[in-house]
Amino acid sequence: MQQSTLVRLKENLELRNPILVVGLPGVGLVGKLVAEHLVDELGAEKIIEVFSPHFPPQVLVNKDCTVRPVSNTIYHGKANETDVLFLVGDHQSTTSQGHYELCSIYLDIAEELKVPRIYTLGGYPTGKLTYEETVLGVANSTELIEEIKQYGIEFRESEPSGGIVGASGLLVAFSGMRGIDAACLMGMTPGYLMDPKSAQSLLKVLCKMFGIEVNTDSLKKKAEEMETILEKLKEKEEQQNLPEVKPSEEDLRYIG
């Protein structure tokens, strides 16, 4: 395989102004948790798979002990009467070149399917073992910012201060060059562990935007389990009287 490959599992889709939601792995797996939860709750159907030499050279093992290659996948579902496409997957690119190549492929698909808007989902690392319900946002136009502020998304001047690395940022920037509205929505997270609690906050905002309600029991259960782990970490930190550990500049820039 010399370059990234698309495998179309369903042809001739009849879509009407579909919204693309991107939830690839990143800090706290926040965006991935939200997008995959919506795929399950909305019964979304797999329509495209993407394989790339820019993914790690590994296969994943299924429950039945068979294997599959690492890939990213696009699903199609319905949020009320709105067609929604979900881009989820196993990994982002391991190379800078791959990030640009894959984002170009995703935007080619978006143009082909006549996507007018993209929401990328991610986590904003705070470096603190505390929870904030805030959802931060950036967008590729001031008009879009004004439109989606009503859903409780905060837009803070020049934040994230170090920028956004990975698909969540690149897709927002380059979609504007193709005439597609796009915004990145980020749940606040310590950034050290999988964060289903932050995912709950982001999911709440996204459901409000789509005018839907979904069952969140599985995310709540995961959040409770992670809360127990965080409490133990806090106790250990206090017992050892350790200074607060802050993520590196690279961590703070990576939203994913």
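State the antiparallel share, in %, of DSSP beta bridges confined to the chain, rounding to the nearest 5.
55
What relative contact order, as a whole-number percentage, does the chain give when Cα pairs under 8 Å and 6 or more residues apart are counted?
24
In angstroms, what radius of gyration and Dmax does the range 140-230 have, counting Cα atoms only?
Cα only, the range 140-230: 15.0, 45 Å (Rg, Dmax).
Given the alpha-carbon gyration tensor of the range 37-157, what are the semi-axes of its equivalent ellipsoid in whole angstrom, ordered largest first, with each equal to the square root of 5 times an eigenvalue?
So the three semi-axes of the range 37-157 are 28, 20, 17 Å.
So between residue 221 and residue 45, what do we pick up on full extension, going 0.36 nm a residue minus the alpha carbon distance?
My answer for the length gained is 60.8 nm.
What full-extension length gain, to one decimal in nm, is calculated for residue 156 and residue 81 as 0.36 nm per residue of separation minus the Cα-Cα distance?
Fully extending the segment from residue 156 to residue 81 adds 23.8 nm.
GNM, the chain, Cα, under 10 Å: largest mean-square fluctuation among 83, 64, 181?
Largest GNM mean-square fluctuation: 64.
State whether the range 80-145 is rounded, prolate or oblate according to the following rule on the C-alpha gyration tensor (a ≥ b ≥ c being the square roots of its eigenvalues): a/c under 1.5 gives rounded; otherwise a/b larger than b/c gives prolate, and the remaining case gives oblate.
Since a/c reaches 1.5 but b/c is at least a/b, the shape of the range 80-145 is classed as oblate.
Under a Cβ-Cβ cut-off of 15 Å, what is the net charge of the residues other than residue 148 that fall near it, where Lys and Arg count +1 and Asp and Glu count -1?
Charge balance in the 15 Å sphere: 0.
So what's the back-of-envelope 222 nm ellipticity for the chain, counting only DSSP H runs of four-plus at -39500 (n - 2.57) apiece and dividing by all residues, rounded to 500?
Calculated mean residue ellipticity at 222 nm is -11000 deg cm²/dmol.
Can you put 184, 207, 103 in order, fewest other beta carbons within 10 Å first?
The fewest-first ordering by Cβ neighbours comes to 207, 103, 184.
Using the Cβ atoms and a cut-off under 13 Å, what net charge is assigned to the surroundings of residue 187, where Lys and Arg are +1 and Asp and Glu are -1?
-1
With +1 on each Lys and Arg Cβ and -1 on each Asp and Glu Cβ, how big is the dipole of the chain about its Cα centre, in debye rounded to the nearest 20?
Taking the Cα centre of the chain as origin, the dipole is about 300 debye.
Each value in this text was obtained by applying a stated rule to the coordinates, not by laboratory testing. Here the structure is a predicted model, which means the values were calculated and not measured. Here Cβ is always computed from backbone atoms with ideal geometry, including for glycine, and neighbour counts include all displayed protein chains.
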